[in-house]
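Before any comments, here is the structure.
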Amino acid sequence: MERAQISCTDNKDNNFWKFILSELKPKGKIFTPFNVISLPIMLVGLVIIYLRFRDGIGSVTNLNQEIPWGLWIGFDVVTGVAFAGGAYVLVFMVNILNMKKYKPILRVTVLNGFLAYLFYSAALLLDLGRPLKIINVIIGNNYGVSSVLFLVGWHFLLYMLALLLEFSPAVAEWLNARKLRKFLGTIGLGAVIFGITLSVLHQSGIGALYLMAIDKIHPLWYSEYLPLQFVVASVFAGIAMVILEGSISHKVFAHQLGHNAHEEHNSILVGLAKICAGALFAYLSLMIIVFVHGKDWKYLDSGWGMWYLLEMIGFVILPMLIFYFSYRHKNLLAIRIAAVITLLGVILNRMNISIIVYRWYDVERYVPSWQEFVVTLTIIFIEIWVLRWIIMRMPVLRKSPEWVRDDH
Amino acid sequence: MSISRRTFFKAMGATAVALSVGKEVAASAEEMTGERPELYGVLYDATRCVGCHGCEYDCAEAHGLEYPDIPKNPPLRKTDEAHLTVVNHYETSKGSLPVKVQCMHCTQPACDAACLTQAMHKTEDGPVIWREDKCMGCRYCMISCPFDIPKFEYQSTNPRIMKCDMCHDRLKEGEIPACVYNCPEEAMMYGKRSDLIREARKRIHENPDQYVDYIYGEHEAGGTSWLYISAVPFEELGLKTSIQKKSYPGLTKGFISSIAPVDILLPLGLLGIYEATRSKPETIEED
C-alpha cells in the first residue's frame, strides 16, 4: 500500500502539468446545438461587457435615476441566489439529517451552487459603478456594519468559500491528490454547518435589502416579512432547480452514470417533489398570514391585484398541487412540469419586487435593454460551459475513484 | 466527514466574537446618528421664495457643475446628476407657487444605513455627504432613499453619486450653503436645527393666515435637517407626505439584530441534529 502511494506521487509530480494540459483540451463533440447557439451570444456579450467598461453603465443598460437596479441585479443576483439555494438544502438533508438517498446528486448540486455564486458575483461586479472599490467591503476601516448589504456581502463571500470547500474533495480526487483529499474530508463538517447558517442569512438578507424601499414597492408585495419570505422561497426555488438540472444532466451526461442510476434518480425526484410541495405550502401559509395581517384586501380590486393573484394562484398554489399529486402518483413528467412552473413563479416574484412593482406608480417603465439580456445570457452560458468542463473531468456525477474508499 | 470538536468550537467562538464586535460598532453608529441638539440645517420658507431659480445657478457654481438650462415656463423637473437642486412651480389652491427640492439631510438617513462602505455619511454637524474614495457604486443608497435624492453618473466610467451636500466644504470654512447665502429673498435660513424649528413655529404663530400649521421635515423620516414651511398643504407642492414619521434605518433593525443570534445558535442546532442522526456503524468505527 505504502509503495503504491509513493510511486503514485512520483508519477504525479512528473506528469502533473502534462495532465492539466491534456485536461484543458475539449472533450466530446464541438458542433453541438448548444455550442452553436451559445458561442455567438457569448461573443456578443463579451463585446458588450467591454463597452460597459469603456463607456459606462448607461451606455449599455436602460437603468436610470429612478430604477438603479435592473435586470443584472434583479435576475442575476436576486433571482439567481434563490435558484442556487438547492445546495444548502441538500447539504442539510444529506450531511446533517443523514438522508443517504440524496447523496448521488449532492456533488453536482454543490458544484452548481458554487458556480452560480461565482458567476452571480461576476454579474454584480459588472453592475458596480466603481468595482475596484469593492475592496472597501473586505479590508480597511470602511465597514458599513449597519448595512444589510454589508452583511449580505460577507455572508455571500464566506458561503462561496464554504461551497468551494464542500466541493474540493472532487477536485482532489480528480488530481489524484490523496493526502489533500483526506485533509479536505476532515474539515467538511465545519464547512457544512457554517455553509447552511450563512445561506439562511444571506438568502433572507436579499429580501431584507428591500425593507427600506417601503414607499416604492407595491403594498401587496412589501411586508416586514420579506426576509422570511425569501428564505422559504429559496427552499423550493433551489430544489425545483435541482429537479430541472438533474433531469437535464442525466440526459446529457448519461455516459457518466452507472446502471441503477436512473431508477435511483427517479426515486430522488419523487422525494424532492415532496419537499417542494411542503415548502410551497409553508410559503403559501406565510403569504396568506402576511396578506391578512397587512389588511391588503383593498388593493386586490385593481390591475396590480390581479397580477398578484396570478402570481399566488398560478405560480404558488398550482405547482404546489401538481407536486402533491405527482409525488403521490410518482409521475415524473408532472414533477418536471411543476418544477418549471415553480421556477417561473420565483422569477416572477423576484422580478416583481426588484423591477415590476418597484415604483409601480411611475408612468415611465424600465424595460431592460437587449444588451442587458445578452450579458445575462452570456453569464449563464459561461457558467454552463464551465459546469460541463468540470463534470466531464471530475468525479461529480460518476463515482469517486476506488482509492477514496480504500483510504477511508 | 468529521472534524475535531475543538477546532469546531474554536472557529465558532471566533465567529461569535467577530459578530458581537460588529454589533457594538453598529450600536455606536446608531447613537451617533441619533437626534443631537447641535445638528445644523436649513429652514426653507416657501412663502418667501419667488422661484427665480437663482439658487440653481449658485449651487452649480459651488459644486463645479454646468449652469442649468432652464426653459421659460419650465415643466416639473427632478434633481439629477448635474442638477443637485431644482425649483419647480406648482399650480396650487393659492395659485402658482415655487418650491425648491434638494437632499433633506435626514437625521437618521436611509442612505447612510444602506451604505456598506460608509461612503454615504451623516456628519456630526448635519450634512449627509458622499465620499468618493469609499463608494463602490452599488446604488443601494438610491434604492433606500425615501426622497429619491442620490443620483448616479450612468455615462461615466468612474461614476459618482451626486447629491446636495449642504455645501459641506463651505461649512468647514465657516461659510453657509451657497443657496442660502445668495438667495435674494432670504427664503432660506441656516442654523441649528432646534433654533430653526423655533423660528418656523414663531413665523407660523405670528402669521397664522399665511402658513399651514405644519413644519415639513420636523418628523418626516424621523426628522430631517432641511425644514419647510409653506402657505399650502405640502402635497400641493409635490412634497411626499406619505413618508413615514419613523426613521428608515429602523426598518432593517429587526433583521440586523437577528443576524448575530442566528449565526451563533444555528450552527449549534445543526451540530446537535448531526450528532443525533449519525448512523451507528460510523460511531463505532470512530471510537
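Taken together, the values in this text are just the output of simple stated rules run on the coordinates, not laboratory data. Remember, predicted model here, so these are calculated numbers, not experimental data. Neighbour counts run over all protein chains shown; Cβ positions are idealised from the backbone, glycine included.
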In sequence order, calculated HN-Hα J values of segment A:51-62 (Karplus, 6.51, -1.76, 1.60; Hz; x Gly/Pro):
5, 4, 7, 7, 10, x, 4, x, 6, 10, 10, 9
Give me the mean projected area, in nm² to one decimal, of the convex hull enclosing the Cα positions of segment B:41-248.
11.4
Length gained, A:Leu157-A:Ile289, 0.36 nm per residue minus C-alpha separation, equals 44.2 nm
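Expressed as a whole percent, how much of the Cα-Cα distance distribution for segment A:70-113 exceeds 18 Å? Don't skip to the answer; put the middle values down first.
Values: 337 of 946 pairs.
Tail fraction, whole percent: 36.
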Placing each pseudo-label 7 Å from Cα in the direction of the beta carbon, A:Leu125 and B:Arg160 end up separated by a distance in nanometres of 2.7
Hey, what's the Cα Rg ratio for chain A versus the globular rule of thumb, 2.2 N^0.38 Å?
1.04
Förster radius 51 Å - calculated FRET efficiency between B:Arg77 and A:Arg54, Cβ distance, rounded to 0.05
0.95
In straight Cα distance, which lysines are under 20 Å from A:Lys274, not counting same-chain residues fewer than 8 positions off?
A:Lys100, A:Lys101, A:Lys103, A:Lys330
So what is the calculated 222 nm ellipticity per residue for the protein assembly as shown, using -39500 (n - 2.57) for each DSSP H run with n of 4 or more, over all residues, to the nearest 500 deg cm²/dmol?
-17500 deg cm²/dmol
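How large is the direction-averaged shadow of the alpha-carbon convex hull of the protein assembly as shown, in nm²?
Averaging across all directions leaves 34.6 nm² for the Cα convex hull.
Taking neighbour Cβ counts within 10 Å as the exposure measure, how do B:His205, A:His218 sort from fewest upward? Don't skip to the end; give the middle numbers.
Working: B:His205 10, A:His218 21.
Result, fewest neighbours first: B:His205, A:His218.
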Relative to the longest principal axis of chain A, what angle (0 to 90°, nearest 10) does the C-alpha long axis of helix A:261-293 take?
20
Return the distance in nm (one decimal) between the two label points of a simple spin-label model at B:Asp169 and A:Lys103, each offset 7 Å from Cα along Cα→Cβ.
6.6
Starting from the Cα of A:Ile37, step 7 Å along the direction of its Cβ; do the same at A:Val367; then give the gap between the two resulting points in nm.
2.3
If B:Arg193, A:Arg181, B:Arg201 are placed from fewest to most neighbouring beta carbons inside 10 Å, the sequence is B:Arg201, A:Arg181, B:Arg193
Fluctuation leader among A:Leu39, A:Leu163, A:Leu151 - chain A, Gaussian network, Cα springs under 10 angstrom:
A:Leu39
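Give me A:Trp304, A:Trp72 sorted ascending by neighbouring Cβ count inside 10 Å, so fewest comes first. Let's see the in-between values first.
Details: A:Trp304 18, A:Trp72 25.
Starting with the residue having the fewest Cβ neighbours, the order is A:Trp304, A:Trp72.
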Enumerate the amide H contacts of B:Tyr40 below 5 Å, restricted to partners 5 or more residues apart or on another chain; note that Pro and chain-start residues carry no placed amide H.
B:Gly126, B:Arg193
Calculated FRET value between A:Val340 and B:Lys202, using beta carbons and R₀ = 51 Å, to 0.05:
0.15
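For B:His219 and A:His329, FRET efficiency with R0 = 56 Å and r from the beta-carbon atoms, rounded to 0.05?
Details: r = 59 Å, r/R0 = 1.06.
So the FRET efficiency works out to roughly 0.40.
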C-alpha long axis of helix A:226-252 to longest principal axis of chain A, angle in °
50
What do you get for the angle between helix A:148-174 and the principal long axis of chain A? Use alpha-carbon atoms, 0 to 90 degrees, nearest ten.
20
